[in-house]
1. List the aspartates and glutamates whose Cα lies under 15 Å from the Cα of residue 60, skipping any in the same chain that are fewer than 8 positions away.
2. Order 59-68, 132-141, 84-93 from most to least packed using the mean count of other Cβ atoms within 10 Å.
3. Classify region 48-87: rounded, prolate or oblate, from the alpha-carbon gyration tensor (a ≥ b ≥ c, eigenvalue square roots; a/c under 1.5 rounded; otherwise prolate if a/b is larger than b/c)?
4. How large, in percent, is the carbon and sulfur part of the accessible surface of the chain at a probe radius of 1.4 Å?
5. Just to confirm the number: angle between the C-alpha axis of helix 59-78 and the first principal axis of the chain, 0 to 90 degrees, nearest 10?
6. For region 5-56, just the Cα atoms, rotate onto the principal axes and tell me the three extents in Å, largest first.
7. Please find, in a Gaussian network model of the chain (springs between Cα atoms separated by less than 10 Å), the residue of 48, 57, 21 whose mean-square fluctuation is greatest.
8. Relative to the longest principal axis of the C-alpha atoms of the chain, give the angle of the C-alpha long axis of helix 27-37, reported between 0 and 90° and rounded to the nearest 10°.
Amino acid sequence: MRVDLYGITFETPRVTCYLWSPWRASALEHRLFEVIRQLPGITVEEESGDEIRAHISEAKTWKPALTALARVLKGWQEEADQGRERRGWRWLLEGDTDDQGYDHAGEIAGLWAFLRLSVDRGNLEEGDKAEDIDLNGFGLRIWQVNEKG
(Lines give C-alpha, C1' and ligand atoms only; values in the text may rest on other atoms or scores of the structure.)
Protein backbone atom coordinates (compact mmCIF):
# COMPACT_ATOMS: atom_id res chain seq x y z
CA MET A 1 0.00 0.00 0.00
CA ARG A 2 1.08 3.59 -0.52
CA VAL A 3 0.95 5.90 2.52
CA ASP A 4 1.59 9.62 2.69
CA LEU A 5 3.00 11.13 5.88
CA TYR A 6 2.75 14.90 5.42
CA GLY A 7 4.20 14.87 1.91
CA ILE A 8 6.59 11.94 2.32
CA THR A 9 5.28 8.90 0.46
CA PHE A 10 6.10 5.31 1.41
CA GLU A 11 5.35 1.96 -0.20
CA THR A 12 4.73 -0.43 2.67
CA PRO A 13 2.85 -3.67 3.38
CA ARG A 14 1.38 -2.15 6.58
CA VAL A 15 1.69 0.46 9.30
CA THR A 16 1.52 -0.64 12.92
CA CYS A 17 0.44 1.63 15.76
CA TYR A 18 1.92 0.65 19.14
CA LEU A 19 0.88 1.35 22.70
CA TRP A 20 3.71 0.19 24.95
CA SER A 21 3.16 -0.42 28.67
CA PRO A 22 -0.50 0.66 28.69
CA TRP A 23 -0.50 0.69 32.49
CA ARG A 24 2.20 3.41 32.38
CA ALA A 25 1.16 5.34 29.25
CA SER A 26 -0.32 8.83 29.53
CA ALA A 27 -3.98 9.63 28.89
CA LEU A 28 -2.99 11.32 25.63
CA GLU A 29 -1.19 8.18 24.44
CA HIS A 30 -4.29 6.12 25.24
CA ARG A 31 -6.53 8.59 23.35
CA LEU A 32 -4.23 8.42 20.31
CA PHE A 33 -4.27 4.64 20.29
CA GLU A 34 -8.04 4.42 20.84
CA VAL A 35 -8.88 6.59 17.80
CA ILE A 36 -6.81 4.22 15.66
CA ARG A 37 -8.30 1.11 17.26
CA GLN A 38 -11.87 2.26 16.52
CA LEU A 39 -11.37 2.71 12.76
CA PRO A 40 -12.85 0.06 10.45
CA GLY A 41 -10.34 -2.35 8.92
CA ILE A 42 -7.92 -2.26 11.88
CA THR A 43 -6.53 -5.51 13.24
CA VAL A 44 -5.70 -5.30 16.97
CA GLU A 45 -3.19 -7.61 18.63
CA GLU A 46 -2.41 -7.71 22.37
CA GLU A 47 0.76 -9.20 23.78
CA SER A 48 0.64 -10.14 27.47
CA GLY A 49 -0.80 -6.78 28.52
CA ASP A 50 2.52 -5.00 28.00
CA GLU A 51 2.06 -4.06 24.36
CA ILE A 52 -0.95 -3.49 22.14
CA ARG A 53 -0.64 -3.20 18.35
CA ALA A 54 -3.11 -1.96 15.76
CA HIS A 55 -2.25 -2.93 12.17
CA ILE A 56 -3.28 -0.78 9.22
CA SER A 57 -2.96 -2.78 6.02
CA GLU A 58 -5.11 -0.80 3.59
CA ALA A 59 -4.27 2.60 2.11
CA LYS A 60 -7.88 3.75 2.43
CA THR A 61 -7.59 3.31 6.22
CA TRP A 62 -4.29 5.21 6.55
CA LYS A 63 -5.58 8.70 5.71
CA PRO A 64 -8.47 8.60 8.24
CA ALA A 65 -6.03 7.24 10.83
CA LEU A 66 -3.60 10.12 10.34
CA THR A 67 -6.47 12.62 10.37
CA ALA A 68 -7.83 11.11 13.61
CA LEU A 69 -4.39 11.39 15.25
CA ALA A 70 -4.12 15.04 14.18
CA ARG A 71 -7.58 15.79 15.64
CA VAL A 72 -6.63 14.35 19.01
CA LEU A 73 -3.39 16.34 19.04
CA LYS A 74 -5.13 19.56 18.00
CA GLY A 75 -7.66 19.00 20.79
CA TRP A 76 -4.77 18.62 23.24
CA GLN A 77 -3.35 21.92 21.96
CA GLU A 78 -6.67 23.68 22.53
CA GLU A 79 -6.79 22.47 26.16
CA ALA A 80 -3.92 24.85 27.02
CA ASP A 81 -4.55 27.80 29.36
CA GLN A 82 -5.22 30.68 26.98
CA GLY A 83 -2.62 33.40 27.34
CA ARG A 84 -0.49 31.39 29.78
CA GLU A 85 0.53 28.30 27.83
CA ARG A 86 1.28 27.35 24.23
CA ARG A 87 1.35 23.73 23.10
CA GLY A 88 2.74 22.11 19.97
CA TRP A 89 3.62 18.68 18.60
CA ARG A 90 6.03 17.23 16.06
CA TRP A 91 6.53 13.83 14.46
CA LEU A 92 10.05 12.46 14.88
CA LEU A 93 11.10 9.91 12.25
CA GLU A 94 13.72 7.35 13.16
CA GLY A 95 15.33 4.45 11.35
CA ASP A 96 17.02 1.53 13.06
CA THR A 97 19.22 -0.68 10.88
CA ASP A 98 22.53 -2.45 10.70
CA ASP A 99 24.59 -2.91 7.55
CA GLN A 100 22.49 -5.97 6.60
CA GLY A 101 19.13 -4.13 6.76
CA TYR A 102 17.91 -5.53 10.09
CA ASP A 103 16.94 -3.67 13.26
CA HIS A 104 18.15 -4.26 16.83
CA ALA A 105 15.64 -7.12 17.28
CA GLY A 106 16.73 -8.96 14.13
CA GLU A 107 13.66 -7.96 12.12
CA ILE A 108 13.74 -6.31 8.69
CA ALA A 109 14.33 -2.61 9.31
CA GLY A 110 11.50 -0.12 9.03
CA LEU A 111 10.82 3.52 9.79
CA TRP A 112 9.49 4.64 13.17
CA ALA A 113 7.39 7.74 13.86
CA PHE A 114 7.27 9.10 17.40
CA LEU A 115 5.62 12.20 18.85
CA ARG A 116 7.31 15.04 20.72
CA LEU A 117 5.12 17.53 22.54
CA SER A 118 6.21 21.04 23.43
CA VAL A 119 4.70 23.11 26.21
CA ASP A 120 5.71 26.78 26.54
CA ARG A 121 4.67 28.47 29.78
CA GLY A 122 6.96 31.47 29.51
CA ASN A 123 6.14 35.13 28.98
CA LEU A 124 8.19 38.26 28.32
CA GLU A 125 8.83 39.01 32.02
CA GLU A 126 9.74 35.47 33.08
CA GLY A 127 11.71 34.42 30.04
CA ASP A 128 11.56 31.10 28.25
CA LYS A 129 10.02 28.16 30.15
CA ALA A 130 9.65 25.68 27.31
CA GLU A 131 9.51 21.95 27.89
CA ASP A 132 9.72 19.06 25.42
CA ILE A 133 7.94 15.80 26.25
CA ASP A 134 8.51 12.61 24.27
CA LEU A 135 5.56 10.23 24.12
CA ASN A 136 7.48 7.03 24.83
CA GLY A 137 4.38 4.86 25.11
CA PHE A 138 3.02 5.50 21.60
CA GLY A 139 4.54 5.08 18.16
CA LEU A 140 4.00 4.11 14.54
CA ARG A 141 6.05 1.66 12.51
CA ILE A 142 6.11 1.87 8.74
CA TRP A 143 7.19 -1.58 7.63
CA GLN A 144 9.67 -2.23 4.86
CA VAL A 145 8.64 -4.28 1.83
CA ASN A 146 10.73 -7.45 2.03
CA GLU A 147 12.39 -9.07 -0.96
CA LYS A 148 9.72 -11.79 -1.17
CA GLY A 149 7.02 -9.18 -1.79
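1. Output for residue 60: 4, 11.
2. Working: 59-68: 15.8, 132-141: 17.3, 84-93: 14.0.
Listed from highest to lowest mean packing, they are 132-141, 59-68, 84-93.
3. Values: a/c = 6.11, a/b = 1.77, b/c = 3.46.
Taking the square roots of the gyration eigenvalues as a ≥ b ≥ c, region 48-87 is oblate.
4. Working: 4360 of 9190 Å².
Whole-percent figure for carbon plus sulfur exposure: 47.
5. 20 degrees
6. Rounded to whole Å, the extents work out to 33, 20, 18 Å.
7. In this elastic network of the chain, the residue with the biggest mean-square fluctuation among 48, 57, 21 is 48.
8. Helix 27-37 sits roughly 40 degrees off the main axis of the chain.
The values are calculated or read from the model by the stated rules, or taken from the named source; none is laboratory data. This one's a predicted model, so the numbers in the text were calculated from it and none came from an experiment. For neighbour counting, all protein chains shown are included, and Cβ atoms are generated from backbone atoms with ideal geometry for every residue, glycine included. Only protein heavy atoms, including side chains, enter the accessible area calculation; ligands, DNA and RNA are left aside. Shrake-Rupley method; radii C 1.70, N 1.55, O 1.52, S 1.80 Å.
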